[in-house]
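Chemist: One structure, pasted below without further comment.
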Amino acid sequence: MAGKGGDKNLKASVSQVASCCKVEAILSVDERGQMVLPKEIREKADIKAGDKLAVVSMESDGDVCCITLIKVEELTDLVKSILGPAMKDILG
């Protein structure tokens, strides 16, 4: 169980997430583990049939607490922007 310092950090983390995120929809998972992303969300995020999405999870105390979907091309660009400068420094 987290102490008072942990509770304060958790509240700060929740506050940060709440300022940039919102609940867009509630999804159900069927018996095969599938779910449907509502049309309004697909349109808003410009997600088309065949697009690849990375599933990113966040853990707290060993349990998955958050699951996020990120378009693969955006994840690739993010990784390149982070690793690109580091690789230039390493390779000279």
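The values are calculated or read from the model by the stated rules, or taken from the named source; none is laboratory data. Note that the structure is a prediction, hence the values are computed from the model and not measured. Because the Cβ atoms are built from the backbone with ideal geometry, glycine has one as well, and the counts that use them run over all protein chains shown.
Chemist: Given the criteria of a type in the set (Gly, Ala, Ser), touching a helix residue (DSSP H, G or I) at 6+ places or on another chain (Cβ under 9 Å) and either surrounded by 11 or more Cβ atoms within 10 Å (Cβ to Cβ) or modelled with pLDDT of 95 or more (or both), does Ser13 qualify?
Modeler: no
Chemist: Where residues in the range 49-62 are under 19 Å from Leu27 (Cβ atoms) and either without any contact (Cβ under 8 Å) to a residue 12 or more places away in the chain or in contact with a Pro (Cβ under 8 Å, 6 or more places away or on another chain) (or both), which of them is surrounded by the fewest Cβ atoms within 10 Å (Cβ to Cβ)?
Modeler: Going through the qualifying residues, I end up with Ala49.
Chemist: Inside the range 63-73, can you point out the residues that are out of contact with any helix residue (DSSP H, G or I) (no Cβ under 9 Å at 6 or more places or on another chain) and either at pLDDT below 85 or closer than 24 Å to Ile26 by Cα (or both)?
Modeler: Asp63, Val64, Cys65, Ile67, Thr68, Leu69, Lys71, Val72
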